[in-house]
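Data first, discussion second: the structure below is written as structure tokens.
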Amino acid sequence: MSAQHQGDRVRRALRLSLALNGGFMVVELGVGFYAGSLALLSDAAHMFSDTAALLLALVVAELARRPASPRRTFGLLRAEVLGAFTNALLLLGACALIVFHAVDHLVGETPPFPAVPVLVVAVIGLFVNLGSAWVLARADRHNLNVRAALAHMLADALGSVGAMIAAALILGFGWQWADPVVSLFVAALVLWGAWKVVAASTRVLLDFAPSALDAARVQRALEALDGVETVHHVHVWGPGDTRALVTAHVV
């Protein structure tokens, strides 16, 4: 599959995911205001952050398709990596907020948990997020920009599952502490996924050699060519997360 066709698939997937999450956010916001449900309004605010993350991913994907120029000799391929890095950092920040509020509820007074409306929203949100995650994973799960957006969707899906478990425990046993405890567990899982994206995008931004390429092996392969006496100053890096470049002084 050509890089252009793959990029088109990524952009279509991001647009569809943006429409799904944005549409659900608007509906949830409207129902929340109509019903006067703080739980629904809070989840709508959380969906807004995911919609913003998808919008950022789509914007940088559009930037990355711009052709190279005399001033931008590699084009804007790094835009996708930078977008992935930013989205993953935002997800780490969200994890920190979840941990802060969960610990606050555990050590302080746990506020009443509206189990029934949260359970309904969690079930619907789970389907929306899993649908978005499926669309993104089919587009290109190796693209860092997509991986960051996918991390947001999977984080929300985990959050929905956690909310369903907490709501069931509260409805069945009255365990109000279930909400912050489940939230801490979900935050730990999300933290691991977000950190992997941060680490991968950092390696690209700092011009690390791609993991699939060994500079020493590249040098040995060049030295084995007929007519080549020596090879030095071998540099391997990638302007984006799916391309690799090599420069070397060959004599």
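The values are calculated or read from the model by the stated rules, or taken from the named source; none is laboratory data. Keep in mind that this is a model prediction, so the values were computed, not measured. Note that we place each Cβ from the backbone using ideal geometry, even for glycine, and neighbour counts take in every protein chain shown.
A few remarks follow.
- Among residues that are buried (at least 16 other Cβ atoms within 10 Å of the Cβ), at pLDDT below 80 and assigned to a helix (DSSP H, G or I), residue 31 is included.
- From the list 77, 63, the one residue that fits, being over 23 Å from residue 156 (Cβ atoms) and surrounded by 20 or more Cβ atoms within 10 Å (Cβ to Cβ), is 77.
- Checked against the criterion of being over 19 Å from residue 53 (Cα atoms), at pLDDT 85 or above and surrounded by fewer than 13 Cβ atoms within 10 Å (Cβ to Cβ), region 186-201 has no qualifying residue.
- For region 120-141, the candidate set comprises residues that are of a type in the set (Val, Ile, Thr) and over 13 Å from residue 57 (Cβ atoms); within that set, the residue that is modelled with the highest pLDDT is 128.
Conditions (1) at pLDDT below 85; (2) buried (at least 18 other Cβ atoms within 10 Å of the Cβ); (3) over 13 Å from the mean Cα position of the chain (by Cα), marked per residue:
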| position | (1), (2), (3) |
| --- | --- |
| 143 | yes, yes, no |
| 156 | yes, yes, no |
| 159 | yes, yes, yes |
| 169 | yes, yes, yes |
| 179 | yes, yes, yes |
| 183 | yes, yes, yes |
| 228 | yes, no, yes |
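- Each residue in region 67-83 was checked for being more than 17 Å from residue 51 (Cβ to Cβ) and either in contact with a strand residue (DSSP E or B) (Cβ under 9 Å, 6 or more places away or on another chain) or assigned to a helix (DSSP H, G or I) (or both), and 6 pass.
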